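Just below is one structure, and these are the notes that go with it.
The values are calculated or read from the model by the stated rules, or taken from the named source; none is laboratory data. Please read all numbers here as calculations on a predicted model, not as lab measurements. Every residue, glycine among them, receives a Cβ derived from its backbone with ideal geometry; neighbour counts consider all protein chains shown.
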Amino acid sequence: MVFSLDDAPDVTNVNHSTPTHTTATTIFPQQVRLLYSGAFEGLLATAINAPVLAYIQREVIATQVLGWWLFVIAVVTAARAGLVYRYWTASDAGMSPRQWNRAYGIGAAIAGMGWGAAGIALYPPDSISHQMFLVFMLGGMAVGAVAVLTPRMEVFLLFFLPALLPTVVHLVSQQDEIHFTMGAVLLLFMLALLFTARRMSRTITSSLALQTENTGLVRYLTSANVQGERLNRELKAEVQQREETEAALRESQEQLLQSQKMEAMGQLAGGIAHDFNNLIFVINGYSELLLNSLKSDEKKRLHVEQIKLAGNRAAALTQDAGIQPTTNPPTQTGRP
């Protein structure tokens, strides 16, 4: 069975509600981030358990073998620690999540092979107690891997399989019943851990997918709310503008109606004044004829002069109003 880190986004999305490809691509960087978040615990467990195992096995394993194994584990652990440091200090312009995942997977595979080598190189053939402790230590590292590597299932398998399979094969290949049973139990333990890791990986993937969907929903609702508020403001502005337009239209209509009323009244007043002016011209005309026909010492002349004076005043008023006469004054013949 071959596990490709380049196909990483499609490995763990096999739960009951499988995320879409878009969602899987979106949560992939978060899964990688979880891997590097749990790296400290994994490296710390290695830094503690490796010296403890070497110390316990010192009585049954050659010092040179223990030294070389510890040296390899220390180098691999230091390299993985440097990778984790680079990840957390790298800028956005650094490697892509896929590249970070590949690098972590390679480190996990090498570490798994180092622990798998312990199952062979540090296996004492004559001490059952040291054998049990070795199997116990390898099982503990496998359990720890379930806790810190399951955000990416292929990375977990790259550590888990090379760490335990060599020991299982070595125990099963022994000719006695005890070692064969130990190998079979360890194999069952591996299967149980595989199912547990698979379930945890699905849970993590579903949780991240749900978180991503909720984040997208919140963003959508926020955007819709902002758009709704903007539309509401635009609607209010449009209503206010319409009300102002209607008010201006009503005011214009009232002004037009008032202007029409004033124009009608002006025309009526002008017509009346025009007719009145014509009557004044008749009065003044006949008054002038009477004055011309009367002698200066007659008593009637004074009354006619008062009529003529009143007519002139009335004519002056109509002239001040801008009404010009259109009727010719009466002639000496006596008819207007």
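Residue-wise test of (1) among the β-branched types (Val, Ile, Thr); (2) more than 15 Å from Gln31 (Cα to Cα); (3) touching a helix residue (DSSP H, G or I) at 6+ places or on another chain (Cβ under 9 Å).
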| residue | (1), (2), (3) |
| --- | --- |
| Phe195 | no, yes, no |
| Ala209 | no, no, yes |
| Arg219 | no, yes, no |
| Val226 | yes, yes, no |
| Glu238 | no, yes, no |
| Arg242 | no, yes, no |
_Tyr55 vs. criteria crowded, with 19+ Cβ neighbours inside 10 Å, over 35 Å from the mean Cα position of the chain (by Cα) and not polar (S, T, N, Q)_ = no
*Give the number of residues within segment 161-218 that are within 16 Å of Leu138 (Cα to Cα), of a type in the set (Val, Ile, Thr) and surrounded by 18 or more Cβ atoms within 10 Å (Cβ to Cβ).*
2
*Just a yes or no: is a residue in segment 268-290 among the acidic types (Asp, Glu) and modelled with pLDDT under 70?*
no
*Report the residue count in segment 136-195 for those that are within 24 Å of Leu44 (Cα to Cα) and aliphatic (A, V, I, L, M).*
21
*Kindly establish whether Val155 is farther than 21 Å from Phe71 by Cα and crowded, with 22+ Cβ neighbours inside 10 Å.*
yes
*Do we have Lys300 as modelled with pLDDT of 75 or more and more than 24 Å from Gln319 (Cα to Cα) here?*
no
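Let's see how each residue does on (1) outside any helix (DSSP H, G or I); (2) touching a Leu at 6+ places or on another chain (Cβ under 9 Å); (3) surrounded by 10 or more Cβ atoms within 10 Å (Cβ to Cβ); (4) not hydrophobic (A, V, I, L, M, F, W, C):
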site	(1), (2), (3), (4)
Ser259	no, no, yes, yes
Gly270	no, no, yes, yes
Arg301	no, yes, yes, yes
Ile307	no, yes, yes, no
*asked:* If the requirement is being among the hydrophobic types (A, V, I, L, M, F, W, C), within 16 Å of Met200 (Cβ to Cβ) and over 38 Å from the mean Cα position of the chain (by Cα), which of these qualifies: Ala142, Ala163, Ala118?
replied: Ala142
*Just to be sure, is Thr18 part of a helix (DSSP H, G or I), at pLDDT below 65 and hydroxyl-bearing (Ser, Thr, Tyr)?*
no
